[in-house]
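Have a look at the structure below before the remarks.
FYI, it's all coordinate maths here, none of it is from the lab. This structure is a prediction, so every number in the text was calculated from the model and none was measured. Note that each Cβ is placed from the backbone with ideal geometry, even for glycine, and that neighbours are counted across all protein chains shown.
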Amino acid sequence: RHANAAALGMRETCPECEMDIRWIFTWFDPDLERQAAESMFEAGATVVITGADTPGPVQVAGERGLYGVGYDSRNACDVDLEHCLTTPYWNWGPEYVSIVTDMMNGDFVGEDIYFDVDSGSLGLLGFMEGQEILPSVPESVIPQVQDLLAQMEAGDFTRFDVFTGPINDNKGEEIIPAGVALTQSDLEGIDAELGASLGREGCTICMSWLAEGIVPDAEIPQ
């Protein structure tokens with residue numbers, strides 16, 4: 001999901017750009033994260049984005065005078081504010097308050113919780129109220145980012161809008177037809193058998209593909 005969303009966003013401002021992937025199969029391995037970033041830059045990348053938990057890839061970007069996007073923490077850019085473009089991060093406070101309030105009122109029901117930016121639980125470093133945009137962000141894309149973020153904060157653009165067709169895969173085949181949006185089960189890759197055990201429909205366009213913009217020879221490991 002993250003890689004596909006990143007590729008689709010990349011193509012919004014750079015239609016000719018391509019994104020490659022390095023699979024590291026872990027949320028936390030500082031050495032492996034750095035190695036993956038170094039491999040990307042050695043292959044010709046100018047920007048690296050990570051889905052793991054350390055700022056190592058951003059640090060590698062700075063060491064090479066190139067650019068990185070952090071992940072997970074608003075502090076991910078602290079290692080090199082000059083070469084870090086931004087980082088999406090969690091703000092767990094609102095979700096914790098909601099859960100504890102429900103528990104205190106006797107209304108809590110254990111469930112698979114997903115939320116969007118309008119919950120107040122997600123942020124984008126440099127673009128939230130009271131924050132300064134980081135110096136390496138191109139001025140030309142700032143209004144576009146601010147406009148889309150405003151839509152997200154208002155609840156007018158959600159994770160389902162990100163994956164509304166038409167969308168092709170990285171082989172050029174149409175995956176999501178025009179006007180069709182993925183379901184939550186699609187986003188999570190919940191098949192029919194698992195969906196039945198969870199009491200919901202299984203996926204019909206399961207997230208087992210890579211989006212256009214990702215290099216054609218990239219594949220999801222089996």
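Tell me what the chain gives for mean residue ellipticity at 222 nm when only DSSP H runs of n ≥ 4 count, each as -39,500 (n - 2.57), the sum divided by the residue total, rounded to 500 deg cm²/dmol.
-9500 deg cm²/dmol, from helical runs alone.
What's the longest piece of the chain with no exposed chymotrypsin sites (Phe, Trp or Tyr not before Pro), counting a site as exposed if DSSP puts it in a loop and it has at most 12 other beta carbons within 10 Å?
The reported range is 115-222.
Given N residues in segment 6-132, what is Rg(Cα) / (2.2 N^0.38 Å)?
1.24
Where does the charge balance sit around Ile205 when Lys and Arg score +1, Asp and Glu -1, over other residues with C-beta under 11 Å from its C-beta?
After counting each charged neighbour, the total is -3.
To one decimal place, what Kirkwood hydrodynamic radius in Å is obtained for the chain from all pairs of distinct Cα atoms? Walk me through the intermediate numbers first.
Working: mean 1/r = 0.0526 Å⁻¹.
19.0 Å is the Kirkwood radius here.
Quick one: which residues, 5 or more positions from Phe108 or on another chain, have an amide H under 5 Å from its amide H? H modelled 1.01 Å from N in the peptide plane, none for Pro or chain starts.
Hits under the 5 Å cutoff: Met103.
Starting from segment 67-174, pick out the GluC sites (Glu not before Pro) whose DSSP state is loop and whose Cβ has at most 12 other Cβ atoms within 10 Å.
Passing sites in segment 67-174 are Glu82, Glu111, Glu129, Glu132, Glu173.
Rounded if a/c is under 1.5, else prolate if a/b beats b/c, else oblate: with a ≥ b ≥ c from the C-alpha gyration tensor eigenvalues square-rooted, which is segment 76-171?
Verdict is oblate for segment 76-171.
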